[in-house]
Amino acid sequence: MNTTINVKSLKKAEFIDITRDVRSAVMESGVKDGVCYVFVPHTTAAVTINEGADPAVLHDMVGAFDKIAPDEPFFKHAEGNSDAHVKSSMVGASLHVIISRGELVLGTWQAIYFCEFDGPRQRKVLVKTVEG
Amino acid sequence: MNTTINVKSLKKAEFIDITRDVRSAVMESGVKDGVCYVFVPHTTAAVTINEGADPAVLHDMVGAFDKIAPDEPFFKHAEGNSDAHVKSSMVGASLHVIISRGELVLGTWQAIYFCEFDGPRQRKVLVKTVEG
Amino acid sequence: MNTTINVKSLKKAEFIDITRDVRSAVMESGVKDGVCYVFVPHTTAAVTINEGADPAVLHDMVGAFDKIAPDEPFFKHAEGNSDAHVKSSMVGASLHVIISRGELVLGTWQAIYFCEFDGPRQRKVLVKTVEG
């Protein structure tokens, strides 16, 4: 089954927890054992799995990625968001999570995040579940 | 179905658009709804999804990754290409794209790129399509 | 089939070769043609594919990631391991390898690594194989 999650980012850069939405998509699909594919159809955003307990981790990650891939004087792309394209490829547009007994198999501290690197924008995340 | 795409890189570092080749592989496979797996069997290259419209983005990304992961005085690997191995793991050797109605589900601006970090070389990209 | 690989890291940061364990999981599953999903259920670790021949590459990669994502004065997360969370999202928690004729399709120099960024710890890697 394919599901589209709508995400509205409010800042230039932020990590938005979409675990609940992905869980709902898995539940609605009825898949008991299989794989959940998460895909971001944007080139200045990404999807990742990281800690869901302490919001300070998100603050630190956003700041770190900004320092690792800042705006550079040698950038030519006229839209001025090349740093966001770099972050998008560093973190990645696709990931998968195993489904077992109808549930996403995530570690105790893991949450799924939509990563905005060039917001604020209206965004989408695609979720596909396959039995197998 | 498994398909091998041959890629010839011409520079030390460059991103080569392979979207058309991956699309052909999907079409030949006849898969209508499923998943397309893209895999790079090399350790100094990678595969990513990013903007396909403005070539300046590729110029900026290649330059940015070079600055983020440069050659370092503490590197011990005798081949002198450790920076390319680092970039390979940062960007990743595997990704997937959802297939719907016989088509890759990519965002408006997305293209699939083979990322060369230690060229020029003759390279391969593996594509597998599965109905589901 | 689902398999859990137990990994014991001995250092703060190290890449541990788990190719043999993933191969065993594929063999036991009996899958002939399909996909092998590898997933790390931790938020300060990751999984990657890189060179398996020269240990110097691992030394260089660990050092490079440490330099790329160091501890930062602006980090707020009280556990003091935000740099490990950043590295985890840079390298990624999930990857897949194609299975053909009962074997993982890896390039000549490729090995699968569990990446520890906040050890030493007892860790797990989840492997799922699907025919298709």
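The values are calculated or read from the model by the stated rules, or taken from the named source; none is laboratory data. Bear in mind that the values here come from a model prediction, so they are computed numbers and not experimental data. We place every Cβ from the backbone using ideal geometry, glycine too, and count neighbours over all the protein chains shown. In case anyone asks, the SASA skips ligands and DNA or RNA and just uses the protein heavy atoms, side chains included. Shrake-Rupley method; radii C 1.70, N 1.55, O 1.52, S 1.80 Å.
Closer than 25 Å to A:Val97 by Cβ, out of contact with any Cys (no Cβ under 8 Å at 6 or more places or on another chain) and at pLDDT 95 or above - does that describe any residue in segment C:72-79? Before you say what the answer is, go through the steps one by one.
Within segment C:72-79, the subset closer than 25 Å to A:Val97 by Cβ is C:77, C:79.
When the remaining residues are screened for being out of contact with any Cys (no Cβ under 8 Å at 6 or more places or on another chain), the result is C:77, C:79.
Retained after the next criterion (residues that are at pLDDT 95 or above): none.
Scanning segment C:72-79, I find no residue that is closer than 25 Å to A:Val97 by Cβ, out of contact with any Cys (no Cβ under 8 Å at 6 or more places or on another chain) and at pLDDT 95 or above, so the answer is no.
Inside segment C:89-132, residues that are closer than 14 Å to C:Arg23 by Cβ, open to solvent by 20 Å² or more (accessible area, probe 1.4 Å), touching a Pro at 6+ places or on another chain (Cβ under 8 Å) and touching a residue at least 40 places away in the same chain (Cβ under 8 Å) make up a count of 1.
Only one of the numbered conditions (1) touching a Leu at 6+ places or on another chain (Cβ under 7 Å); (2) more than 9 Å from every other protein chain (Cβ to nearest Cβ); (3) part of a strand (DSSP E or B) is violated by C:Val97, and that is (2). Just one of (1) of a type in the set (A, V, I, L, M); (2) farther than 26 Å from B:Met1 by Cα; (3) part of a strand (DSSP E or B); (4) out of contact with any Phe, Trp or Tyr (no Cβ under 8 Å at 6 or more places or on another chain) fails for C:Ala46. It is (4). Among the conditions (1) open to solvent by less than 10 Å² (accessible area, probe 1.4 Å); (2) farther than 21 Å from C:Val130 by Cβ; (3) out of contact with any Asp or Glu (no Cβ under 6 Å at 6 or more places or on another chain); (4) more than 11 Å from chain B (Cβ to nearest Cβ), A:Phe65 misses just one, which is (4). The conditions of being among the hydrophobic types (A, V, I, L, M, F, W, C), facing another protein chain (nearest Cβ under 10 Å) and within 13 Å of the chain's Cα centre (by Cα) are met by A:Val38.
Only one of the numbered conditions (1) closer than 15 Å to C:Glu116 by Cα; (2) out of contact with any helix residue (DSSP H, G or I) (no Cβ under 8 Å at 6 or more places or on another chain) is not met by C:His85, and that is (2).
Report yes if B:Val86 is away from chain A (no Cβ under 11 Å), assigned to a strand (DSSP E or B), buried (at least 21 other Cβ atoms within 10 Å of the Cβ) and among the β-branched types (Val, Ile, Thr), otherwise no. Working first, answer last.
Details: away from chain A (no Cβ under 11 Å): yes; assigned to a strand (DSSP E or B): no; buried (at least 21 other Cβ atoms within 10 Å of the Cβ): yes; among the β-branched types (Val, Ile, Thr): yes.
No.
Out of segment B:100-132, which residues are within 11 Å of chain A (Cβ to nearest Cβ) and in a strand (DSSP E or B)? If the condition is that a residue be within 11 Å of chain A (Cβ to nearest Cβ) and in a strand (DSSP E or B), then B:Ser100, B:Leu104, B:Gln110, B:Ala111, B:Ile112, B:Tyr113, B:Cys115, B:Val130, B:Glu131 are the ones that fit. Only one entry of B:Lys32, B:Lys76 meets the criterion of being open to solvent by 50 Å² or more (accessible area, probe 1.4 Å) and within 7 Å of another protein chain (Cβ to nearest Cβ), and that entry is B:Lys76. Evaluate the following for A:Asp54: is it open to solvent by 30 Å² or more (accessible area, probe 1.4 Å) and within 7 Å of chain C (Cβ to nearest Cβ)? Taking the combined requirement at face value, the residue satisfies it. The number of residues in segment A:1-20 being buried (at least 18 other Cβ atoms within 10 Å of the Cβ) and under 21 Å from A:Gly107 (Cα atoms) comes to 3.
Scanning segment B:72-121 for residues that are over 20 Å from B:Val57 (Cβ atoms) and basic (Lys, Arg) yields B:Lys76, B:Arg101, B:Arg121.
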